[in-house]
1. Between V195, V190, which is surrounded by fewer than 17 Cβ atoms within 10 Å (Cβ to Cβ) and of a type in the set (A, V, I, L, M)?
2. Got a sec? Which of I42, I34 is of a type in the set (V, I, T), more than 14 Å from V123 (Cα to Cα) and more than 15 Å from the chain's Cα centre (by Cα)?
3. Given the criteria under 28 Å from M91 (Cβ atoms), over 18 Å from the mean Cα position of the chain (by Cα) and either surrounded by fewer than 20 Cβ atoms within 10 Å (Cβ to Cβ) or not hydroxyl-bearing (S, T, Y) (or both), does N160 qualify?
4. Please indicate, with yes or no, whether at least one residue in the stretch 137-157 is exposed (fewer than 14 other Cβ atoms within 10 Å of the Cβ), modelled with pLDDT under 95 and closer than 13 Å to I34 by Cβ.
5. Can you say whether I83 is assigned to a helix (DSSP H, G or I) and within 26 Å of K159 (Cα to Cα), as far as the supplied structure shows?
6. Would a scan of the stretch 26-41 turn up a residue that is of a type in the set (S, T, N, Q), buried (at least 16 other Cβ atoms within 10 Å of the Cβ) and either at pLDDT below 95 or over 27 Å from T188 (Cα atoms) (or both)?
7. In the stretch 203-220, what count of residues is obtained for those that are assigned to a helix (DSSP H, G or I), of a type outside the set (S, T, N, Q) and surrounded by 12 or more Cβ atoms within 10 Å (Cβ to Cβ)?
8. Taking the criterion of being farther than 22 Å from R39 by Cα, loosely packed, with under 15 Cβ neighbours inside 10 Å and among the aromatic types (F, W, Y), would at least one residue in the stretch 97-120 satisfy it?
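The values are calculated or read from the model by the stated rules, or taken from the named source; none is laboratory data. Everything numeric here is computed off the predicted structure, so don't read it as measured data. Methodologically, a virtual Cβ is constructed for each residue, glycine included, from the backbone with ideal geometry; neighbour enumeration extends over all protein chains shown.
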Amino acid sequence: MDEELRKIAVQLFEIDALRFGSFETHAAGILTPIWFDLRVIISHPHLLKSVSSILWKFAAINSKGISKICGVPYTALPIATLISVEADVPMLMKRKEAKTYGTKKLIEGQFNTGDTCTIIEDVVATGSSVLRTAKDLINEGLKVQEAFVILDREQGGRKNLEENGIQMRSLFTLTSLMEYLVQADKITPVMVQDVKDYLQRDQELLDNYIKEKSPRLNTS
């Protein structure tokens with residue numbers, strides 16, 4: 001598994017799925033020295049298949065009772081689709097907004113009240129996107145207990161999800177991903193330190209953002 005993750009980390013770097021510089025996070029408005037755009041993997045079918053396969057193999061091994069999966073719109077949708085086909089697990093699709101005509105559905109697909117739905121996501125920072133998806137699924141009568149994620153940015157998202165009753169399983173943490181890239185001579189230790197400094201420096205701002213802006217689930 002470790003060698004597979006190392007190969008995927010290098011491939012993500014080589015297709016510019018992660019970039020170094022100065023970027024503003026759209027959620028909290030904080031400048032970050034590293035940016036992830038995993039949307040580009042849809043143009044690399046072999047990598048898309050590899051990521052989807054290893055995510056399911058890694059995350060689902062200790063899970064029980066998964067009856068449905070749902071990808072967070074939009075980046076995680078092709079990942080969830082491949083998992084659904086390869087693992088033969090029914091998929092649901094959450095719309096950005098409910099239709100204003102016809103059935104006016106927000107959640108597409110067939111399910112029963114009480115079904116357990118696992119959320120698939122590409123990157124988690126604060127966890128807000130996962131929680132918004134979970135909230136809509138729960139409102140339709142589904143149970144959400146887990147989220148399978150490619151990358152945990154280690155910015156409070158895991159704790160936020162756990163406090164809302166959702167366990168997160170991630171292929172990479174930001175720290176482990178950077179370690180793989182250093183080992184492969186793709187980045188320098190100085191770049192790693194810049195990211196570590198960023199994580200420590202802005203965590204208080206992100207914690208405040210989570211408290212004020214992140215959705216909350218009724219876990220009682």
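1. Every option except V190 fails the conditions.
2. One residue alone meets the criteria, I42.
3. No, not satisfied.
4. no
5. yes
6. yes
7. Qualifying residue count, the stretch 203-220: 5.
8. Scanning the stretch 97-120 turns up at least one residue that is farther than 22 Å from R39 by Cα, loosely packed, with under 15 Cβ neighbours inside 10 Å and among the aromatic types (F, W, Y).
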